[in-house]
Amino acid sequence: MAKSTTTAADLDTATIVERLAEEKDRLFKLRVQHATGTLENNAALRTARKEIARYETELRAREIEAAEALAQEEKA
């Protein structure tokens with residue numbers, strides 16, 4: 001499976017929220033597999049956590065940007 005070159009910054013907010021939910025669900029399933037001893041690829045846990053962090057970071061950056069824009073509008 002080829003890795004897409006689309007970054008979180010290229011996506012709209014709704015897509016990021018959707019993918020974040022999917023990654024959290026995937027991470028939960030991976031943790032269950034790990035706990036039951038059926039997980040074959042332990043690195044998948046790490047990559048899922050990193051993807052979640054990327055999406056959350058992008059959402060937070062957009063939140064900060066929106067707050068700063070609102071503050072600028074209130075000053076003007």
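Quick note: the coordinates plus some simple rules give every number you see, no bench work behind them. Predicted, not measured: the structure shown is a model, and the values here were computed from it. Cβ atoms come from the backbone with ideal geometry, glycine included; neighbour counts cover every protein chain shown.
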Among the range 16-31, those whose backbone N falls under 14 Å of a label point 7 Å along Cα→Cβ from Ala66 are 16-18
What is the local net charge at Leu45, summed over the other residues whose Cβ is closer than 12 Å to its Cβ (Lys, Arg +1; Asp, Glu -1)?
+3
What is the pair-distance distribution P(r) of the chain, computed from all Cα-Cα distances in 10 Å bins starting at 0, with each bin given as a whole percent?
17, 37, 25, 13, 6, 2
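Less than 14 Å Cβ to Cβ from Phe28, Lys/Arg counted +1 and Asp/Glu -1: what total charge do the surrounding residues give?
Numbers: positive: Lys24, Arg26, Lys29, Arg31, Arg49; negative: Glu22, Glu23, Asp25, Glu51.
Overall, the nearby charge balance is +1.
Given the rule -39500 (n - 2.57) for each run of at least 4 DSSP H residues, summed and divided by the residues of the chain, what is its mean residue ellipticity at 222 nm, to the nearest 500 deg cm²/dmol?
On the way: 2 runs with 57 residues, N = 76.
For the chain, the value works out to -27000 deg cm²/dmol.
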In the range 24-59, whose amide N lies under 19 Å from the spot 7 Å out along Cα-to-Cβ of Ala9? List them in ranges.
50-59
